[in-house]
1. Given the residues Gly114, Gly103, Gly120, which is the only one that is surrounded by fewer than 17 Cβ atoms within 10 Å (Cβ to Cβ) and at pLDDT 85 or above?
2. Filter region 35-69 down to the residues that are in a loop (DSSP other than H, G, I, E, B), at pLDDT 75 or above and surrounded by 19 or more Cβ atoms within 10 Å (Cβ to Cβ) and list them by number.
3. Filter region 70-84 down to the residues that are buried (at least 22 other Cβ atoms within 10 Å of the Cβ) and of a type in the set (Val, Ile, Thr), then identify the one that is modelled with the highest pLDDT.
Amino acid sequence: MQLTIETSRTVRKALRAAFGWGPASRGRGGEPGLPPEGAVVGGTMLGRTIEALEREFTARELARPCHREAVYHVSLAASDGEVLGDADWATIGQLYAERLGFGSAAYVLVRRAGAEAARGAEGDCLHLIAARVDAWDQPLSVPGPDKAERILRALELASATVPP
C-alpha cells in the first residue's frame, strides 16, 4: 500500500479531497449534478455526506479552536493488482485509526474505488479523516510520518497485503 499524509487546515478541504470534489482532488471537481466519487465505509461518525460530516467535525473543532489543523487526513492506496472490498478497507481503516491513536476520536473512512488514488496513482484508495480531539475533548497528538508508515507496514504484514 501507498501512504500519503496530508495536512488540511479546514475540515471542508479534507472532506472534499476524500470524496473527490474540488481542486484538492482530481476527481469530478464538484461539478453541479454529479455525485461524489467517495463513499463512507466506516468510522465513528454518523454523517454520510460532506455536509453532515462537516457539521460533526465543526462541533469538535469548536471545542478546541486552538489547533492549527482541525483534522488529521491520511490516504492509503492499494498497490497495483491489489483488490480490496468495502469490508476489507473498513477493517484496515479501523485498525489503522486505532493504532495511530485516533480510536477514541471522531473519524470517518471514505473509499474512492477507481478514483485517482494517493500520490497520483490510478486505483483504489481509502481516506482517514480524524478529529484532533478525543471523545472527552482532550487534544490528540499527531503521529509523525515515520510512525504512520511503520504502523501501515505492520498492518500489511498482519493481513498479508504485502506489496509486490
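1. None of the others qualify; the one that does is Gly103.
2. Glu37, Gly38, Met45
3. Among those that are buried (at least 22 other Cβ atoms within 10 Å of the Cβ) and of a type in the set (Val, Ile, Thr), it is Val74.
The values are calculated or read from the model by the stated rules, or taken from the named source; none is laboratory data. Model, not experiment: these values are computed from the prediction. Here Cβ is always computed from backbone atoms with ideal geometry, including for glycine, and neighbour counts include all displayed protein chains.
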